[in-house]
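> Structure incoming, see below.
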Amino acid sequence: MAMNKAAIEILCPACGEETLLKREPKYDGFKKVGESLLCASCGHEFAGEQDVPYRGRARPAVFDDADRPAAPRVFSGDENARMCRYCADYMVNPFVQRCVRHKREVQATDTCAQFRAKPPPKQAGPGAP
Ligand SMILES: [Zn+2]
């Protein structure tokens, strides 16, 4: 598995889709001069790597709260129970937090009308099925 072929998730400013970055070799005549960086959804071309709206990269760590304005640690009442982080549809990977149900990026502290309580976590730790 070549790492540089990994799907790169972007949030395209042109079409607003959460989509993937498409790389295409760019030629000047027969000479490869670089790569075009394209939105896989609408084909919008980004001028350069620095213009690609990578998702996740900009936020290096999902669990780094430093860039979040004073994320409340303590909730009172129901709020706590309905947050995405406690939802069965909430999914975390190293780059992004997602709602599987809505197929969109969420924050752990988001709340949602379609909240479904996650089954209580097993305390077995990694290695458990
Ligand atoms: Zn697009």
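> Tell me which residues, restricted to the stretch 16-39, are within 16 Å of the ligand (Cβ to nearest atom) and among the small types (Gly, Ala, Ser).
Matches in the stretch 16-39: GLY16, SER36.
> Let me ask something additional. Scan the stretch 40-50 for residues that are within 14 Å of ARG23 (Cβ to Cβ) and either under 16 Å from the mean Cα position of the chain (by Cα) or within 13 Å of the ligand (Cβ to nearest atom) (or both) and report the count.
So the answer is 5.
> So the check is Cβ under 6 Å with 6+ separation or different chains; which pairs have a first residue in the stretch 8-22 that's of a type in the set (Lys, Arg) and a second one that's within 10 Å of the ligand (Cβ to nearest atom)?
Pairs found: LYS22/LEU38; LYS22/ALA40.
> Among the residues of the stretch 55-71, are any at pLDDT 85 or above and in a loop (DSSP other than H, G, I, E, B)?
yes
> For the stretch 88-103, give me each residue that is touching a strand residue (DSSP E or B) at 6+ places or on another chain (Cβ under 7 Å) and surrounded by 14 or more Cβ atoms within 10 Å (Cβ to Cβ).
ASP89, TYR90, MET91, PHE95, VAL96, GLN97, ARG98, CYS99
> Among (1) at pLDDT below 90; (2) within 14 Å of the ligand (Cβ to nearest atom), which single condition is PRO13 missing?
(1)
The values are calculated or read from the model by the stated rules, or taken from the named source; none is laboratory data. Note that the coordinates shown come from a computational prediction; the quantities given were computed from them, not determined experimentally. Counting neighbours? That spans all protein chains shown, and the Cβs are built from the backbone with ideal geometry, glycine included.
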